[in-house]
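Taking it in order: structure first as structure tokens, then the write-up.
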Amino acid sequence: MRIEIEFIGFPMIYKIFPEGSHPYAFLGDTLSELIDELIKRHGQQFRELFLDQRTHTLDPTIQIMINRKYVGREDIPHQRIGEYDKVTFLRLLAGG
């Protein structure tokens, strides 16, 4: 399946995925399968960015949108992705 993928707030992976959205070929059809594939395809760096090291679940500072609609954390494991959908990963940052 072909989707668009975008990462906002992840400067450490902009060499792989520069700012902006990019076409991405994906074999699964759920968000959890996409996250698993990204980790398998791009290795330890993605694992450390996406997963909470203590719980091994999606890092709580990451929010996900599909076609500009936020996906609730409880919906991520079974949320389906369709052909040509745009999946955006946002890292929430704090500072001051």
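The values are calculated or read from the model by the stated rules, or taken from the named source; none is laboratory data. These numbers come from a predicted model, not from an experiment. Virtual Cβ from ideal backbone geometry, glycine too; neighbours counted across all protein chains shown.
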(request) Considering each residue of the stretch 1-43, count those that are outside any loop (DSSP other than H, G, I, E, B), of a type outside the set (Ser, Thr, Tyr) and either surrounded by 15 or more Cβ atoms within 10 Å (Cβ to Cβ) or touching a residue at least 40 places away in the same chain (Cβ under 8 Å) (or both), and give that number. (result) 16
(request) Please enumerate the residues belonging to the stretch 46-56 that are surrounded by 14 or more Cβ atoms within 10 Å (Cβ to Cβ) and either touching a Ser or Thr at 6+ places or on another chain (Cβ under 6 Å) or not basic (Lys, Arg) (or both). (result) 46, 49, 50, 51
(message) So if I check each of 27, 92, 49, which one is at pLDDT below 95 and touching a strand residue (DSSP E or B) at 6+ places or on another chain (Cβ under 7 Å)?
(response) 92
(message) With at pLDDT below 95 and closer than 19 Å to residue 66 by Cα as the only criterion, which of 8, 3 stands out?
(response) 8
(request) Go through the stretch 52-73 residue by residue and tally those that are of a type in the set (A, V, I, L, M) and either over 18 Å from residue 5 (Cα atoms) or assigned to a helix (DSSP H, G or I) (or both). (result) 0
(request) Say whether the condition of being surrounded by 13 or more Cβ atoms within 10 Å (Cβ to Cβ), without any contact (Cβ under 8 Å) to a residue 12 or more places away in the chain, under 12 Å from the mean Cα position of the chain (by Cα) and part of a helix (DSSP H, G or I) is met by at least one residue in the stretch 74-86. (result) no
